[in-house]
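See structure below.
The values are calculated or read from the model by the stated rules, or taken from the named source; none is laboratory data. If you're wondering where the values come from, they're calculated on a predicted model, not measured in any experiment. Cβ sites come from the backbone with ideal geometry, for glycine too, and all protein chains shown count toward neighbours. Accessible surface is based on the protein model in full, side chains and every heavy atom, while ligands, DNA and RNA are left aside. Shrake-Rupley method; radii C 1.70, N 1.55, O 1.52, S 1.80 Å.
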Amino acid sequence: MTWLSPASLWLLGLSAAIIMAYFLRRLAPAYRVSALFLWSGREERPRSFLRLLWSRVGLLLLQLAALALLVTALADPVVNLPSTGARVMAIVIDGSASMRGRLSSGTRYEQAVAQALQLLTQNPSAQAVIIQAESHSRLLASLVARRAEALGALRASQPTFEGDADPGELLQLLRSQADLSLFERVIFFSDHLPAPSLGDLGWEVRLLGDGEPPPNAALTGFSVRPQPSGSGFDLFVQVVNAAAEPQEIPLEIKLDERPIVQQTLTLEADQEANYSFTYEGSVEAARSTRFSAALSVPASDALSYDNQRFALPPEARPLTVLWIGPANPMLEGAFRALGAATITQMEQWPGDSTVQYDLVIAYKTTLPPEARGHLLLLDAAYPSIITLGHEQPVGPWQGKINPLLNAVQPEEIIVATVRETQLAPEGQTLLTAGAWPALYAYESPDVRLVALPFNPDLDNSNLLLTVDFPILMTNIMDWLLPLRERSAQLLSGDELPLQELGSGPIGVRGPGGQSCTYHSGDQSCGRVEQPGFYTITSGSIQEEFAVNPPPAESEDSQTTQTPTTGAPPSSASSAAAASTPRESALPLWPFLLLAGLVLLAFELRAFDPSLGLPWRQGERSP
Amino acid sequence: MEPLLDAAFLRRLERLKLVFQQRYHGRPMGSQLRSRSGMSLEFAEYREYHPGDDFRYVDWNLYGRLDRLFVKVFTREEDAPVYLFVDVSRSMEIGGKLAYAIKLTAALAYLALNNMNRVGLFPFASRLQGGVPPRGGPRQVFEIFRFLRRLAPAGETSINESLGDFYQRSHEGGLAILISDMLSAEGYQEGLARMRWHRFQPVVLQLLAPDDLMPSPAGEVRLLDVEAAREWPAYLSAATLDSYRARLKAYRQGLERFCRQRGIDYFLISSGEPLERTLFETLRRGVFLK
């Protein structure tokens, strides 16, 4: 037995006061009688020792016993009982969109929560971490949370529209609670096996379902593209029939809630098909161009959220470019050829008035230290980040795998010389020509910069004449200006690119009318989850995004797995943890408290002179 | 000094009369009467023979018919003395019994003297404690009343011993009224029986206080015997009191049965009852007071 509050045992000293008070108490009042022999009774029964003892000190013994029980309860004793339950365990519940799948008794997620609750009930003394695993996993209950709070958080949790959890992020979240080796059991509730990196950890996997995969028809892809003529859109749809039988599935595509396509699709069992449609019609520039596609599926369809998808046509926004440095019509023309751009040329940095420009191109100049924004340096310097030295002969090209060099073949680029360059270590050199950098990227909260520290003019390089130039520039623009071309759609769990709209407050409005205002660092406002259209507004700038659930969530991975009760994996440590008898602490204070109160009630009743208790009849013998 | 009895009450007492029914063995008329003028014997009744009765007064005619022994009882008009025995033991402190007994004794003494009887007063506890010899006349009233006022409770009750003291003083027979709670652990049988043998007409007035008759629950107490000064821890619950009342009733019934069997008038009086009701109603149900 262990005493959690042994200091309380000092209260047993109160027994001395009780004993003193008992024997020093005021004598019972004298009751004068004419003849004592009339009270004694000639047929008095002999008293037993116990009855005599009770009459003398019975109440005192009751009081002392009650005191002992109550003080012992205050000392909070616990007794260690043998138990096969784990002391520390983690419960990971898949909260991705596929867990919304309907079963015969509720959804997969509801089944998971029910099993998790049962698990916690079976291990009342175990410390448990509860994690909901999705694209951005979150902690439902920490290791030190009280059991009632943990159960409440578990019951209140709901599945998301996000995809599967990133294994690294999930493990990091688990490690934030305790070292992985301390978890004697990790139980993973999901409708499919976890990622291999997680499966190798020896977790108990409990698959959810009714055995047979439910029928499901899903829209796994939907995108739109404006026709080159500008008089309509091309619509692309991908549909999956994850059912055991062929289905005829009605499809409807709407433009701003106006049906523009209605067609019944015929798919074989387990067939995935792509469809394209054409919408011929003028789209007024002032109106929104929100496209939505929806399948009409039977009520038995397992997943309801994947029967509708949203899309927005991509639109390249005209750039405003500030050209700092001497004019170079050929370079400027090459940039204009990449897309619509308005280039303003200045010799010197204009100061704060650069905020209205999407991009600043510095050509053969040195930007001041206060330069901010999106910067493309062509043979230009930026104090404390890029310092240019003398020109040096180039060596072999060496490039890193990076999105900026996607589809670029540096070996086709001829450069005569490159600069001796001192670069800030915080940036990344993505391409070198021998010993010197040829492509450098740097990012800070105020600056996003790409530098080509060599002269791109034709007298030094053939870059302008190669197909790599537009590819390289497009890659650079995509990184410097992700809003240059609006993405087709985001996935649930992605973050809106709110930082691109500046540092001021940004309003976010989502489907269903919910809205929030994003401030720097407030990730909860910028993260999208529910499928639909989102609008972000900052000043006069307004951007729209379409959010859809990950297509992978519509795949039913439970085709051959039958639900298990979580047989422990082959890991020796977890198997040993599951079978080795352990101790669980049983608190005794409730029992002691109850016993003490019962004794006190009994003593009070025994003391009450108005009650004729059987053992108080008659008189005590002198 | 507050009078024991007020004048109006005394005037009402004058209407009462003591009735003597001396259970004589029956001295034959003549021999004694010649020495006393104004006496006459009158046949009163038959009663059953008790051991000690004079065999000469057995009615043998009745025995021949009924095969049972009966003696003849005569009454004699005489200024027979009235002996008043007052229990002054400490038990009479309870419930104002002594004060009540004093007033009752004073009333009986007054009406006896008013009836031209001689009255004697004999307080007792464990023994006789002095007293006032039987005399008649108005002065005796003052003597008795003054003596009564000085009475104070003391000592334990011993009826047998006290009456035994009295018998040794060779008193002539008469009406002997015993006013006591009769609660004596030693008993009362010998004393009362000898009273009959000594040719007294005994009357037992058992005076009990309301607290004696119907004590109330009091929980944890120390029962204190006021005479013996002994303590006894007890718990006065309803059940305990029921048991006590049963014992008291049995004791009383035993006393009453004893008195009835020996031709002794017995009355149970409560000190909580008004004195007038006791004298004019309760005691007049008997034969010794009319």
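Which cross-chain or sequence-distant (5 or more) residues have an amide H under 5 Å from the amide H of B:Leu236, H modelled 1.01 Å from N in plane?
Here B:Ala218, B:Gly219, B:Glu220, B:Val221 satisfy the definition.
Would you jot down the residues in the range B:184-223 that end up with at least 20 Å² less accessible area in the complete protein assembly than in the chain alone, with a 1.4 Å probe?
B:Ala185, B:Pro215, B:Glu220, B:Val221, B:Arg222, B:Leu223
Which peptide among A:456-462, A:142-148 comes first, and what is the full order, when sorted by highest mean count of other Cβ atoms within 10 Å?
Result, highest mean first: A:456-462, A:142-148.
So, taking all protein chains as they sit and a 1.4 Å probe, how much accessible area belongs to A:Cys525, in Å² rounded to tens?
Rounded to the nearest 10, that gives 10 Å².
Read phi for every residue in the range A:441-456 and hand back ³J(HN,Hα) as whole Hz from Karplus 6.51 cos²θ - 1.76 cosθ + 1.60, θ = phi - 60°, with x for Gly and Pro.
10, 9, 9, 9, x, 10, 9, 10, 10, 10, 10, 10, x, 8, 6, x
Please work out the Cα center distance from the range A:114-143 to the range B:270-290, rounded to the nearest Å.
A separation of 93 Å, based on Cα centres.
Taking all protein chains as present, what is the carbon and sulfur share of the accessible area of the range A:100-176, in % to the nearest whole number, probe 1.4 Å? Walk me through the numbers on the way to the answer.
Working: 1760 of 3540 Å².
Solvent-exposed carbon and sulfur of the range A:100-176 make up 50 percent of the total.
Going by accessible area, probe 1.4 Å, with all protein chains left in place, what is the ranking of A:Leu74, A:Leu140, largest first? The partial results should precede the final answer.
Details: A:Leu74 100, A:Leu140 30 Å².
The ordering from most to least exposed comes out as A:Leu74, A:Leu140.
Got a number for the accessible area of B:Ile102? Probe 1.4 Å, square angstrom, nearest 10.
20
What is the distance in Å between the Cα centres of the range A:372-400 and the range A:146-182?
Between the Cα centres of the range A:372-400 and the range A:146-182 lies a distance of 45 Å.
Across the range B:226-231, in residue order, what do the Karplus-derived ³J(HN,Hα) couplings come to in whole Hz, using 6.51 cos²θ - 1.76 cosθ + 1.60 with θ = phi - 60° and x for Gly and Pro?
5, 8, 8, 6, 9, 10
Which pairs in the list A:Lys364/A:Lys400; B:Lys72/B:Lys97; A:Lys254/A:Lys400 are over 32 Å apart, alpha-carbon to alpha-carbon?
Working: A:Lys364/A:Lys400 26 Å; B:Lys72/B:Lys97 38 Å; A:Lys254/A:Lys400 44 Å.
Flagged as over cut-off: B:Lys72/B:Lys97; A:Lys254/A:Lys400.
For the range B:86-142 and the range A:404-476, what is the separation of their C-alpha centers, rounded to whole Å?
What the calculation gives is 143 Å, centre to centre.
With solvent modelled as a 1.4 Å probe, how much accessible area in total do chains A and B shield from it at their shared surface, in Å² to the nearest 100? Walk me through the numbers on the way to the answer.
Numbers: alone 32400 and 14860 Å², together 44270 Å².
Using a 1.4 Å probe on protein heavy atoms, the buried area is about 3000 Å².
Roughly how many Å² is the accessible area per residue of the range A:136-215, as a whole number, for a 1.4 Å probe?
Values: 3780 Å² over 80 residues.
It amounts to 47 Å² per residue over the range A:136-215.
Suppose all protein chains stay in the model; what accessible area per residue would a 1.4 Å probe give for the range B:68-193, in Å²?
Heavy-atom SASA per residue in the range B:68-193 reads 36 Å².
Please build a GNM for chain B, connecting alpha carbons under 10 Å apart, and tell me which residue among B:Gly120, B:Gly254, B:Gly64 fluctuates the most.
Sorting by GNM fluctuation, first place goes to B:Gly64.
For B:Lys103, give me every one of the lysines with a C-alpha distance below 19 angstrom, ignoring sequence neighbours fewer than eight places off in its own chain.
Reachable lysines: B:Lys17, B:Lys290.
Express the accessible area of the range A:350-474 per residue in Å², computed with a 1.4 Å probe while the remaining protein chains stay in the model. Spell out each step's value before the answer.
Working: 5680 Å² over 125 residues.
I get 45 Å² per residue for the range A:350-474.
Mind listing the long-range amide H neighbours of A:Tyr31? Cut-off is under 5 Å, sequence gap 5 or more, other chains count too, H placed in the peptide plane at 1.01 Å from N.
B:Arg222, B:Leu223, B:Leu224
In the neighborhood of A:Ala294, defined by Cβ-to-Cβ distances under 10 Å, what is the net charge if each Lys or Arg adds +1 and each Asp or Glu adds -1?
Here the charged neighbours net out to +1.
With charges only on Cβ, +1 for K and R and -1 for D and E, what is the dipole size of the range A:149-232 about its Cα centre, in debye, rounded to 20?
Charge dipole of the range A:149-232: 280 debye, to the nearest 20.
Looking at chain B, what % of its DSSP beta bridges pair antiparallel, to the nearest 5? It would help to have the intermediate numbers written out before the result.
Values: 19 of 42 bridges.
Bridges in chain B that DSSP calls antiparallel: roughly 45 percent.
Helix hunt in chain B: which complete DSSP H runs extend at least 24 Å axially by C-alpha with mean Kyte-Doolittle at least -0.5?
Details: long enough: B:97-114 (25 Å, 1.09); B:238-261 (34 Å, -0.88).
Helices passing the filter in chain B: B:97-114.
Say each of A:Asp76 and A:Gln409 gets a label point 7 Å from the Cα, pointing the same way as Cα to Cβ; how far apart are those two points in nm?
With each label placed 7 Å out from Cα toward Cβ, I get 7.4 nm.
In square angstrom, rounded to the nearest 10, how much accessible surface does B:Lys72 have for a 1.4 Å probe?
Around 70 Å² of this residue is reachable by solvent.
What part of the accessible area of the range B:60-164, given as a whole %, is carbon or sulfur when the probe is 1.4 angstrom? Mind dumping the intermediate values first?
On the way: 2200 of 4330 Å².
Roughly 51 percent, rounded to a whole number.
Would you calculate the volume per residue, in Å³, of the smallest convex hull containing every Cα atom of chain B? Each step should come with its number before you reach the end.
Working: hull volume 42.6 nm³, N = 290.
With only Cα atoms used, chain B gives 147 Å³ per residue.
Give, rounded to the nearest 20 debye, the magnitude of the charge dipole that the range B:140-290 has about its Cα centre when Lys and Arg contribute +1 at Cβ and Asp and Glu contribute -1 at Cβ.
Numbers: 20 positive and 20 negative charges, 130 e Å.
Dipole about the Cα centre, nearest 20: 620 debye.
How about B:Lys249: which aspartates and glutamates have a C-alpha closer than 15 Å to its C-alpha, ignoring those fewer than 8 places off in the same chain?
B:Asp181, B:Asp211, B:Asp212
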